[in-house]
Amino acid sequence: MALKSVSIENFRCLESVEFQPDASNNIVFGENASGKTSLLEALFFAGRGRTFRSVPPDSLIRDGCQHFQLVATVQRNERPVVLGLKVGKDSRVVRIAGETAKSLGELAEYLPVQVIDPDVHKLVEDGPGGRRQFLDFGVFHVEHSFLETWRRYQRALKQRNKALKTEPRAASAWDHELIQAGVSLDSMRHAYVQALIPVASDWVEFFLEGELELKYRSGWAADRSLAEALEHSRQRDRDFGATLVGPHRADLELRVHTRVAKGRVSRGQQKLLASALLLAQVELMETHAGPGVLLLDDPAAELDTVHLARLLNRIQSLGSQRFITGLQRKDLAEITTGAVFHVEQGKLRRVL
Ligand SMILES: Nc1ncnc2c1ncn2[C@@H]1O[C@H](COP(=O)(O)OP(=O)(O)OP(=O)(O)O)[C@@H](O)[C@H]1O
Ligand SMILES: [Mg+2]
């Protein structure tokens, strides 16, 4: 899967951008505020239906406009498929191969896209929500039944929580569905983590010269089944008016044992650790769903020259199409193949 052509209209500072990316590397360089992150964000939105920054979707619409529009042609199993999105303040239309899609989530199947941006360390540093999202994105591309199971679980959880707030005795009516979907979700995540561990360990060893310890925590006590954990938590759930155990409380426990700091990492190491996890996910995804799209936003600003060179060299072995931004072309001198674009005041121009 690779992007063959892209058209962006009224997305942040990008008024009208059209280009044909290279299937391997695409370097995008330009001054501060020229539109580099905006370009990556538009590509991310085309695959995920959301942004990777914590901003409201409305702020993505170019000032003074009513909506933004993205059209991306992806090469999928030898066939081109056109994805189209038109997003206004209160409206969203998604079209896939000429058909209106039911949800933004359908895009992910056609355009698997992953990003490493200056906030990447949040995957390690912040709360478990981001790590669950990371995990579930990986599982989604491996297990076809994931999305349906996840939706079933979320529906049961929402109903159970609603009952806990209004009519606690009725809450147990949702236990059966919650347990069925929850156990299935848990085993899919568990299997995914087992597959991820060796790939991620390899990337961590390469970037950090350390040993990765990665553990999946289900969201309830390991010595109980989900049914037992729910039973055990029943009174507390009633007191809190919410379900306190289950896959929605899961987490990935991460540790790196290096000679420098056993079990502790600096901000720079957090960035490398998070990047290693994301790259491992991309690599694993390639083996299951085929190559996707990898976005790297200004890696030269985040990493020292040794680690930057390591990163840029190693990603050349991935099959996924790459978009890499930088302030200057020479910041990304390690990359010698593919296309080079210059961006200036929201205008993109191919220079090589
Ligand atoms: N909704 C919007 N409408 C118009 N312009 C916007 C909108 N949102 C953001 N911008 C502007 O887009 C410009 C480009 O932002 P972007 O983050 O893409 O720059 P960048 O090239 O990544 O810069 P840096 O090197 O500093 O990271 C900024 O000046 C920003 O203020
Ligand atoms: Mg930027």
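Tally Lys/Arg at +1 and Asp/Glu at -1 over every other residue whose Cβ is under 10 Å from the Cβ of residue 212; what's the total? My count for the surroundings of residue 212 gives -3. Can you give me the angle between helix 175-208 and the longest principal axis of the chain, using Cα atoms only, in degrees from 0 to 90, rounded to the nearest 10? So the helix axis and the longest Cα principal axis differ by about 40 degrees.
What number comes out for the charge environment of residue 126, summing +1 per Lys or Arg and -1 per Asp or Glu over other residues with Cβ under 12 Å away? Surrounding charge for residue 126 is 0. Highest mean packing first, where packing is the average number of other Cβ atoms within 10 Å per residue, the peptides 97-107, 47-57 line up as 47-57, 97-107. Remark: spin-label model distance residue 336-residue 166 equals 6.7 nm, labels positioned 7 Å along the Cα→Cβ axis.
Tell me, Kirkwood radius of region 135-184 from alpha-carbon pair distances, in Å? Kirkwood radius, region 135-184: 11.5 Å.
Relative to the dominant Cα principal axis of the chain, helix 146-166 is inclined by about 50°.
Would you please classify the overall shape of region 119-289 from the alpha carbon gyration tensor, given that a ≥ b ≥ c denote the square roots of the eigenvalues, rounded means a/c under 1.5, and beyond that prolate means a/b larger than b/c while oblate covers the rest? Walk me through the numbers on the way to the answer.
Values: a/c = 2.63, a/b = 1.87, b/c = 1.40.
Taking the square roots of the gyration eigenvalues as a ≥ b ≥ c, region 119-289 is prolate.
How many lysine pairs are close in region 119-289, with Cα atoms under 23 Å apart and the two 8 or more places apart or on different chains? Please report the intermediate quantities before stating the final value.
On the way: 122/215; 122/262; 122/271; 215/262; 215/271; 262/271.
Qualifying lysine pairs in region 119-289: 6.
For residue 100, neighbours were defined as the other residues whose beta-carbon sits under 13 Å from its Cβ, and their charges (Lys and Arg +1, Asp and Glu -1) total +2.
Excluding same-chain neighbours fewer than eight residues apart, the lysines reachable from residue 86 by a Cα-Cα span under 18 Å are 102.
At 222 nm, what value in deg cm²/dmol follows for the chain if DSSP H runs of at least 4 each add -39500 (n - 2.57) and the sum is divided by all its residues, to the nearest 500?
Numbers: 11 runs with 140 residues, N = 352.
It comes out at -12500 deg cm²/dmol, rounded to the nearest 500.
Globularity index of the chain is 1.05 (Cα radius of gyration / 2.2 N^0.38 Å, N = number of residues).
Each value in this text was obtained by applying a stated rule to the coordinates, not by laboratory testing. No experiment lies behind these values; they were computed from the predicted model shown. Positions of Cβ are generated from backbone atoms using ideal geometry, with glycine treated the same way; all protein chains shown enter the neighbour counts.
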